[in-house]
1. Buried accessible area between B and A (1.4 Å probe, both chains summed, ligands and nucleic acids excluded), in Å² to the nearest 100?
2. Peptide B:130-137: average number of partner chain Cβ atoms within 10 Å per residue?
3. Please check the range B:84-120 for residues whose accessible area, probe 1.4 Å, is lower by 30 Å² or more when all protein chains are in place than in their chain alone.
4. Length gain on complete extension for the stretch A:Val111 to A:Arg231, per 0.36 nm per residue less the alpha carbon to alpha carbon distance?
5. State the percentage of accessible surface on the range B:78-138 attributable to carbon and sulfur atoms; use a 1.4 Å probe and exclude ligands, DNA and RNA.
6. Could you list the chymotrypsin sites (Phe, Trp or Tyr not before Pro) in the range B:232-282 that lie in coil according to DSSP, counting only those with at most 11 other Cβ atoms within 10 Å of their Cβ?
7. Sorted by average packing, counted as other Cβ atoms within 10 angstrom per residue and highest first, what order do B:95-107, A:180-192, B:56-68 take?
8. To the nearest 10 square angstrom, how much accessible area does B:Thr175 have with a 1.4 angstrom probe?
Amino acid sequence: MIQGTKSINRRRINDRIMFGLLVLSTVVVMTPLLIIIGYVVINGFNALSIDFFTQELGSPARAMQGRPTGLMHTMLGTIVVDFMALIIAVPIGIGAGIMLSEYPDHKLNPVLRIMNDTLNGMPAILKGMLAFVLVVKPMGTFSGLAGGVALAFVMIPIVARTTESALMAIPWAIREAGLAIGLPRWRVVLSTVMPAAKTGLVTGVLIAFARAAGEAAPLVFTSFGNNYMPRNWTGMIWGPVDTLPQRLYSLAISPYKEWHTMGWAAGIVLLTFVIILFVAARLLTRKKNS
Amino acid sequence: MNFITNIKKNKKEPTEKTSTSAIAGGEGVHPHDVRMETKNLSVMYGKTVGVKNVSLPVYNEKVTAFIGPSGCGKTTFLRALNRMHDLTREAVVTGEVLLDGLDIYAPKVNPVTIRRKIGMVFQKPTPFPTMSIYNNVVAGLKLVGIRDRKLLDEVCEKALQQAALWNEVKDRLNTPGGSLSGGQQQRLSIARALAIEPEVLLMDEPTSSLDPLSSAKIEELIHDLKTKYAIAIVTHNMQQAARVSDYTAFFYVGNLVEFDETKKIFTNPSNEQTENYISGKFG
Ligand SMILES: Nc1ncnc2c1ncn2[C@@H]1O[C@H](COP(=O)(O)OP(=O)(O)OP(=O)(O)O)[C@@H](O)[C@H]1O
Ligand SMILES: [Mg+2]
């Protein structure tokens, strides 16, 4: 009995220590994040005005003379470019993930894996160059489409990997059960495995999307940037277009104090956007685990 | 009944074509037909033997029980009968498996068509977890394009009735299959296999996770189904084998030791190993 009490006490102490360490590491992780968020909000908050959300940027003179100026075209451009990336990357990435997980014996499988790993490890700026060669050159102009393609290169390997692991997490027996009732292999994947892996798939896409949405480097020589709102919205697909991460960068390196403040404000908007995506992904994962 | 002794596995004489083909050859006087038949069927997992050189008939409108100690190859053999090993990379199947005289492993044969005729219930329950109970049952029909709601409703109710699950789930057909208890999931898997109306039904320990009452119902079901199907069932329960089956095959470390009428196996087995196993001396 005495021994029992002793070991229970020891376990309690161990438990406390572990808990303390967990709290500590959480704090260590959270602190920089909170500092960044706080800093961005403090610096940019004053620039968040109605104009900021409803006006285009125009020339630096506008800001310096106190005329209405804002980043509406940047936010719209971000939505257009990011969604193009999403539309391109989701089918390709999920398709690649299915291939990796469900057809491990296919002879193209090793090739696909190497390509995917290469793309994953490639610096973002090179993905921009790839899109430049593939889209900007043939089209003869910078465009939102090229930016979408460049961001798709960021998303595809992430989506492929998360899809692969989400599908692999589904027990093999489910597939056999599908085959045993006379379903073809592709039907089994589509109608039994993928629905079972749904939350994992969506989470993966959201994480990839959030990653891509924060990238500036691939956009520099693809969507290029634009101080003005195109005359109609298709101009955002076929012509140069502004995006938040890249605008943030160019505002920050500009020599104008007013633009610096707007850069911080752009940071607030971008952060909010990315945090919403990550929180959504987090909530979905949590739902799956409960 | 003397052809049965011919079929009995005889290692020295693997050329036993005469036995079963004579039955299938149809002089019309034999009481039952061979629905499936294996010829020198072996399954290897790399260097591990799953089953070796098994030649065995599965008769129409009869129940064949596969018995033997754990790891002797019963599941392996059963899975070979509907090409379930196709997806197991390390498994290599050799020999023949005939369904109505045609080799299901022949190059031109589509495994999907084969599996629609040969239903299977697995050792572990395998509902599609997120799919509703209803959709689980009719998956084999709905997912190949059958949309007739009335037909699906009927099939669903009938299959669940047969699997002795209807009363428990009839009010919650739209809840996910994964929300059922283990034994209910097993009966759901049985219902799902029945819904496609296979001609041959393979069952791998279908009642091992069930309470006595549901087990009895499943045994009853097997008894009813055998008027239409050829049924093969793996079981560790000797009483069950004796109750439900007409023929029994005894496996031991990958080999088919004895195959005969259940009556004979349980009263007067020819092989000493069989006798020891049945009388509980090992396994
Ligand atoms: N996927 C696999 N890879 C390698 N070896 C396997 C595999 N599946 C089965 N085996 C081996 O093949 C042999 C037969 O296994 P099998 O599952 O057919 O036995 P069983 O008779 O069904 O046993 P149980 O009564 O425990 O279900 C065993 O030695 C087992 O370890
Ligand atoms: Mg088994």
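The values are calculated or read from the model by the stated rules, or taken from the named source; none is laboratory data. The shown structure was predicted, so the numbers you read here are calculated from the model rather than taken from an experiment. Glycine gets a Cβ as well: all are built from the backbone with ideal geometry, and neighbour counts include every protein chain shown. We work out accessible area using only protein heavy atoms, side chains counted, and drop any ligands, DNA or RNA first. Shrake-Rupley method; radii C 1.70, N 1.55, O 1.52, S 1.80 Å.
1. Accessible area lost upon association: around 1800 Å².
2. 2
3. Residues passing the criterion (a loss of at least 30 Å², heavy atoms only) are B:Met84, B:Leu87, B:Arg89, B:Val112, B:Arg115.
4. Between A:Val111 and A:Arg231, full extension yields an extra 38.8 nm.
5. Ligands and nucleic acids excluded, carbon and sulfur give 57 percent.
6. B:Phe282
7. Values: B:95-107: 16.0, A:180-192: 20.5, B:56-68: 24.2.
Going from most to least packed, we get B:56-68, A:180-192, B:95-107.
8. B:Thr175 exposes around 50 Å² with every protein chain in place.
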